[in-house]
Amino acid sequence: MALPEAKQTATEARLASLEMPGGAGWINALREDALTRLRAVGLPHARDEYWKYTRPDTLVQANAPKAALFAGDDSERFGGVDRLKLVFVDGVFDPDESDDLNLEGVKIERLAEASQTDIHWAKDLYGALEMRGQTPVARPMATLNTAMATDGVLIHATGHVSKPIHLVYHHNSETSDAILHHTIKLDAGADLTILESGPAAARFNKVMEVDIADTAAFHHVRKQGRDHERQAVTHIFARLGAESTFKSFTLTANGVMTRNECVIELTGDDAVAHVAGACVGDGDFHHDDTVFVTHDAERCESRQVFKKVLRNGATGVFQGKILVKEGAQKTDGYQISQSLLLDGDSQFLAKPELEIYADDVVCSHGSTSGAIDEDGLFYLRARGIPQNIATDLLTLAFLAEAVEEVEDEVLREDIVSRLADWLERRRG
Amino acid sequence: MLQIKNLHVDLEEEDKSILKGVNLTVDAGKVHAIMGPNGSGKSTLSYVLSGKDGYEVTDGSATLDGEDLLYMDPEERAAAGLFLAFQYPVEIPGVGNMTFLRTAMNAQRKARGEEELSAADFLKLVREKAKTLKIDADMLKRPVNVGFSGGEKKRNEILQMAMLEPKMCILDETDSGLDVDAMKLVADGVNALRDAGRGFLVITHYQRLLDHIKPDVVHIMADGQIVKTGGPELALEVENNGYADILAEVA
């Protein structure tokens, strides 16, 4: 089917603003292939069903909309955690601010450098999970990323990685337009934690592909920064082997446009995948969590837990799907998406879906939207807790189910204090 | 201490009169009991005094040590020393019991211009009080009232009362849903708090609780008014003869 002209024009206009980075033959081929795939589907359009609740215009347009830099006081993220830092400023790697790339149990390389070498393990993985994630629903923003990403990291974990790798994304230019692509591979039995923080750029397109071999464990905790005007479209593509674990949590406070897609494929028996998110938004905040979990093996467990606190007209979107393929017996799938609307102007748009082709599975999903519990509020106030503090307590309690998905206590406390600070700054 | 004069209250949504001129004075150091049939307005009185939404005061006043309660927010009433032990304590998932207690204590102290309690002092205090009420560490850690049995919820109310040390305590059917042992435990908790500076208003259907918490004054409430006031013997009369005789007598 020929692409609608409007889509084709928009896609070409976007591509015209970009230059494909040079590299060795293998990556050039993968990029050219992605470009061909992108031209076949075109970039998202407001009329696309998958973009029904989130207008893709600002993510697709040729140049990044201007985004003011965050001016407030901001302490270092994950400051209390011993970690290896890799710093990107507006999408450009900053070696001076970054730590040494040597760490036991893992090999870390920059995409911009590794892509110059003739032979690299990443040739079998770069863009591969992104491509698998294109069916049954196209994700052209990720394909664009595979074709055009200027940098990123290649991480190969071979065993226990002694400390988290922290990808720090600074935003220093009001018009920066960053495209980063991370490719992560965990060998059997390896375990690795990735932390991400910061707004990255005025507009940020990021893909993270994670290939998790049997019995390996991958943990991911991300904070998307406080810059309000920035735009972000991110994708995580994960493939899980037998008895492996994938756990990802995202905190989003502020942001006029965020679309976080997470595409998980459970391909080995007894694998466990949890993806969770907590977001708090105010005014013209728009946040979209789009999740697609495919069960293609037996006895796997998946959990999606998303909580959104919205006020002053903020918008939250959740599109979550669990697809259980034929033969994926004893699947345990859970999905919950809830919003707390702190006033009547905010809205939450949810599309929970289950599609099941196996007969011996347990799958549940729920989606709710509500206000603060009046009885709870009165109970707290009757004990002397002022209304604004009582409201914050109940709001944090609402977010708790998502935040509790962060297993590490130090990281979890860090997230809770961020949320508490955000609420406190907005206290009436 | 607590002075209620000619209090008239309507239910906001239904435009229905619930309290039709309540007069009541509780002095410091005294325990007053209010008994009465269902629908007489006992619980409404406790909610109106503590500041719950949904009620409209159409006439009268309620003061605590001369301060007008009815114009205060619920949290201000609490800081002023009023405490309501709820008939149905609310479950608050996600908020730990300890966090709740400590936040409440320090909020009240702050409102009164007192210094906040340190974490260590708070912990010591809460452990000591919890022990006498047989509240274990697990109950303190769990979210407020979530998964608590009826008895545990009521004991948790008394724990809050013991920690907050209010001037005026209103107990709204604290005996409901309690077995004999639990009632004894709760009553012991209340009795331990009785002193010359503190007033109690105990709302109950049954005389049984009053065997354990001995009242100084007993009031009978019917159709939004206090229709009879007497000593502890009035509670026994209700126990033996029901409300019908008393109501017939005052009609």
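The values are calculated or read from the model by the stated rules, or taken from the named source; none is laboratory data. This one's a predicted model, so the numbers in the text were calculated from it and none came from an experiment. Cβ sites come from the backbone with ideal geometry, for glycine too, and all protein chains shown count toward neighbours.
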Residue by residue through segment B:33-61, note down the ones that are more than 14 Å from chain A (Cβ to nearest Cβ) and among the charged types (D, E, K, R). B:42, B:56, B:59
What pairs come up if the first residue lies in segment A:394-405 and is within 9 Å of another protein chain (Cβ to nearest Cβ), the second is among the basic types (Lys, Arg), and their beta carbons are under 7 Å apart, counting only those six or more places apart or on different chains? A:398/A:307; A:399/A:307; A:401/A:307
Test: residue in segment A:157-178 that is crowded, with 21+ Cβ neighbours inside 10 Å, among the hydrophobic types (A, V, I, L, M, F, W, C) and more than 28 Å from residue A:417 (Cα to Cα): yes
Pairs please, first residue from segment A:233-255 and touching a residue at least 60 places away in the same chain (Cβ under 8 Å) and crowded, with 24+ Cβ neighbours inside 10 Å, second anywhere and among the charged types (D, E, K, R) and part of a strand (DSSP E or B), Cβ atoms under 6 Å, 6+ apart in sequence or on different chains. A:233/A:259; A:235/A:261; A:237/A:209; A:239/A:211; A:239/A:265; A:251/A:223
Residue B:114: passes all of (1) touching a residue at least 24 places away in the same chain (Cβ under 8 Å); (2) farther than 14 Å from residue B:163 by Cα but (1)
Test: residue A:378 is at the interface with another protein chain (Cβ under 8 Å from one of its Cβ atoms) and either touching a residue at least 40 places away in the same chain (Cβ under 8 Å) or surrounded by fewer than 21 Cβ atoms within 10 Å (Cβ to Cβ) (or both): no
Among the residues of segment A:198-215, which ones are closer than 20 Å to residue A:59 by Cα, within 13 Å of the chain's Cα centre (by Cα) and part of a strand (DSSP E or B)? A:204, A:205, A:206, A:207, A:208
Under 6 Å by Cβ, and 6 or more places apart or on different chains, what pairs join a residue from segment A:341-370 that is under 30 Å from residue A:327 (Cα atoms) with one that is in a loop (DSSP other than H, G, I, E, B) and among the aliphatic types (A, V, I, L, M)? A:358/A:328
Is there a residue being modelled with pLDDT under 95 and part of a strand (DSSP E or B) anywhere in segment A:256-279? no
With the first residue restricted to segment A:408-421 and required to be touching a residue at least 24 places away in the same chain (Cβ under 8 Å) and under 24 Å from residue A:388 (Cβ atoms), and the second required to be of a type in the set (Val, Ile, Thr) and assigned to a helix (DSSP H, G or I), Cβ contacts under 7 Å at 6 or more apart or on different chains are A:415/A:403
Consider segment B:201-245. How many of its residues are of a type in the set (Lys, Arg) and in a strand (DSSP E or B)? 1
Restricting attention to segment A:334-348, which residues are assigned to a strand (DSSP E or B) and either hydroxyl-bearing (Ser, Thr, Tyr) or surrounded by fewer than 16 Cβ atoms within 10 Å (Cβ to Cβ) (or both)? A:334, A:337, A:339, A:347
Give segment B:143-166 a look and list any residue that's outside any helix (DSSP H, G or I) and within 13 Å of chain A (Cβ to nearest Cβ), or say none. B:143, B:144, B:145, B:146, B:165, B:166
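Quick grid of which residues meet (1) within 22 Å of the chain's Cα centre (by Cα); (2) more than 12 Å from residue A:264 (Cα to Cα); (3) among the hydroxyl-bearing types (Ser, Thr, Tyr); (4) surrounded by fewer than 24 Cβ atoms within 10 Å (Cβ to Cβ):
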| site | (1), (2), (3), (4) |
| --- | --- |
| A:280 | yes, yes, no, no |
| A:285 | yes, yes, no, no |
| A:312 | no, yes, no, yes |
| A:315 | yes, yes, yes, yes |
| A:321 | yes, no, no, yes |
| A:330 | no, yes, no, yes |
For segment B:76-100, which positions are closer than 19 Å to residue B:137 by Cβ, more than 8 Å from chain A (Cβ to nearest Cβ) and either surrounded by 23 or more Cβ atoms within 10 Å (Cβ to Cβ) or not aliphatic (A, V, I, L, M) (or both)? B:96, B:97
When you scan segment B:63-73, do you find a residue that is in contact (Cβ under 8 Å) with a residue 12 or more places away in the chain, at the interface with chain A (Cβ under 9 Å from one of its Cβ atoms) and farther than 16 Å from residue A:375 by Cα, even just one? no
Residue that is touching a helix residue (DSSP H, G or I) at 6+ places or on another chain (Cβ under 9 Å), at negative phi, acidic (Asp, Glu) and free of Cβ contacts under 8 Å to residues at least 24 places away in the same chain, where the choices are B:211, B:172: B:211
Check segment B:116-135 and report whether any residue there is surrounded by fewer than 16 Cβ atoms within 10 Å (Cβ to Cβ) and within 14 Å of chain A (Cβ to nearest Cβ). yes
crowded, with 18+ Cβ neighbours inside 10 Å, within 18 Å of the chain's Cα centre (by Cα) and assigned to a loop (DSSP other than H, G, I, E, B) - does that describe any residue in segment A:107-118? no
Please find, among B:171, B:140, the residue that is assigned to a helix (DSSP H, G or I) and either more than 28 Å from residue B:1 (Cβ to Cβ) or aliphatic (A, V, I, L, M) (or both). B:140
